Each structure stands twice: as structure tokens, then as C-alpha cells.
Amino acid sequence: MVSKIKSSSAPAHFRPEALKFLRSLEKHNDRDWFNERKATYEAELKEPMLAVIRKVTDAMLDFAPNHVRPAEKSLFRIYRDTRFSNNKLPYKTHVAAWWTHTGMDKTSGAGYYFQVSPKGVVIAAGAYMPEKEQLAAIRNWLLENHIDFRKTLNKPAVKKAFTEFEGASLTRPPKGFPPEHPAIDLIKCKQWGLSATLPAEMALESNFAATLIKHFRLLTPMVDALNGPIAASLGPKRKVLFGLR
């Protein structure tokens, strides 16, 4: 039996100072400015963010138990990885969290995501960076399961809450897949996810965590469906004996 996640004394929402800090960070994205105000970041963004994550994670025990993990592991660092980017600005101008499936790497598998910035609150779920074998596994799974998957995406409550399908489609069908297949639009995708953008002020509401939980619950069938073939692709490979399987 999984125990409840330890709660935090910080409220599970933000104060206006959080959005003010992020707006200022957009204008002063340098280490000196940030380091002088790091205490403000900790108090107004990091601690409330962890409180929100803990409350959402606590609720996930009921509908997404395989995504339960310590809040610190779900929270993304505000520091940008600039090693392979032409953009050398050191900080992100939003705060974000990602709940991956237990046993899957942080950037693979299907999971749940949200971010807060002065531009809005993004709530999303899906498989966004599947590795090569996982990508193939989902595409092959869609060959036989596309009808049920579409039904999951097109549930009225889901379509009402989530307005954007994030597929990042290929221009041509992937090699080995028939162009005439009825699921070719889904098979051509490089990722599968749904997202919604709410006003930034939503993050200031006392029911912010409850709003995230409500949205995540709606996408649980989609996340679970995508994680099925992904989990199968991560299983032990069958040994080849004398060139036969």
C-alpha cells in the first residue's frame, strides 16, 4: 500500500509576486540579477511549486499511482541547459513539473506536465520524447488500436478541456507503414499529447492544484494507453538462437 505524500506548510498556489518575478526575469535574464534575488525565487516560486506538486501527487495515488514520485524529482530546474543551444540565457522564464511513469527515464514514456509563466498556465499530458524503439512500439500499437485511441482523445469532456493535440507530425509516413492505413495521421506523429492553456492568474487561485488534478484525471486513459506499448518496448529482448527467434 502506498502512503500519502507528506504535505508542505506552503499554500498549493502562487502569489502575485511569483508572476512579477518571472516578468522581471524575462528582462534581466542574467546570473547577477538572479543571485541577488534567489531568496525571492525560493520563497515565491520554488516552495509554492513544490507544495502544488505534492498536492497533485497525493491525488495521483487514486488515478495515476505509477506516476507517484518525490516532488523534488518532478520539479524541473529553472536553470537552462545551454551546452548545445545557441541561446545562452541562463534561466527559464517559467516553472514546470513532469510526472514520468515509474521505471522510465525522465524524458521518455508518457506522463503529466504543467508549467506556469506570465503568459499562462499550460496543462498537458502524453508521450513527448519517445526514444527510437518506443516510437516504433507506439506506431505499431496504433495499427491495431487506433479506433480505441481516437475514442480516448475524442471524449467530450477531454475535447472541451484540451484544445490542442501535440503531434509534431512527419511529412511522410515512416518507413514500413502503409500510407493508406486509416491511422496514418496518428502513425506519422513523433509525439502524442494534449494540452490546454489557462490564464496565468489561475495559478494564484486557492483551487489551483484541484484544477490540475481535474485536468490530469481526464487524460489518464490516454497516458495509460501510450505507456502500454512503451513498457513493452522496455522489456527484456528475446535471445536469438541459431538465427531463429
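Output the qualifying pairs, or none if there are none: Cβ atoms under 6 angstrom, residues six or more apart or on different chains, first residue in the stretch 145-158 and on the phi > 0 side of the Ramachandran plot, second residue in a helix (DSSP H, G or I).
Listed pairs, sorted by first residue: none to list.
Quick check: anything in the stretch 117-125 touching a Pro at 6+ places or on another chain (Cβ under 9 Å) and buried (at least 18 other Cβ atoms within 10 Å of the Cβ)?
Yes, the conditions are met somewhere in the stretch 117-125.
Given (1) under 30 Å from L50 (Cα atoms); (2) open to solvent by less than 30 Å² (accessible area, probe 1.4 Å); (3) in contact with a Pro (Cβ under 8 Å, 6 or more places away or on another chain), identify the lone condition not met by L204.
It fails just one condition, (2).
Are there any pairs with C-beta distances below 7 angstrom linking a residue in the stretch 2-25 that is modelled with pLDDT of 65 or more to a residue that is open to solvent by 80 Å² or more (accessible area, probe 1.4 Å) and not in a loop (DSSP other than H, G, I, E, B), with the two at least 6 apart or on different chains, and if so which?
That search, which allows pairs on different chains as well, returns A12/K55.
Can you find, within the stretch 172-188, the residue that is surrounded by the most Cβ atoms within 10 Å (Cβ to Cβ) among those that are closer than 20 Å to M129 by Cβ and without any contact (Cβ under 8 Å) to a residue 40 or more places away in the chain?
Here the residue is K188.
Within the stretch 145-180, which residues are in a helix (DSSP H, G or I) and in contact with a Pro (Cβ under 8 Å, 6 or more places away or on another chain)?
Hits for the stretch 145-180 are H146, T152.
Would you mind stating whether N66 is open to solvent by 20 Å² or more (accessible area, probe 1.4 Å), in contact (Cβ under 8 Å) with a residue 12 or more places away in the chain, part of a helix (DSSP H, G or I) and of a type in the set (S, T, N, Q)?
Judged against the criteria, N66 is a match.
Being under 30 Å from E47 (Cα atoms), open to solvent by less than 30 Å² (accessible area, probe 1.4 Å) and in contact with a helix residue (DSSP H, G or I) (Cβ under 9 Å, 6 or more places away or on another chain) is the filter here; which residues of the stretch 189-201 pass it?
G193, L194, A196, A200
With respect to the numbered conditions (1) open to solvent by 80 Å² or more (accessible area, probe 1.4 Å); (2) of a type in the set (D, E, K, R); (3) in contact with a strand residue (DSSP E or B) (Cβ under 6 Å, 6 or more places away or on another chain), which one is the sole condition not fulfilled by E166?
(1)
Can you name the residue in the stretch 77-114 that is assigned to a loop (DSSP other than H, G, I, E, B) and of a type in the set (G, A, S) and, of all such residues, is most open to solvent (accessible area, probe 1.4 Å)?
G103
The values are calculated or read from the model by the stated rules, or taken from the named source; none is laboratory data. Quantities reported herein were computed from a predicted structural model and do not represent experimental measurements. Ideal geometry is used to build each Cβ from the backbone, glycine not excepted, and the neighbour counts take in all protein chains shown. Surface areas here come from the heavy atoms of the whole protein model, side chains and all, with no ligands, DNA or RNA. Shrake-Rupley method; radii C 1.70, N 1.55, O 1.52, S 1.80 Å.
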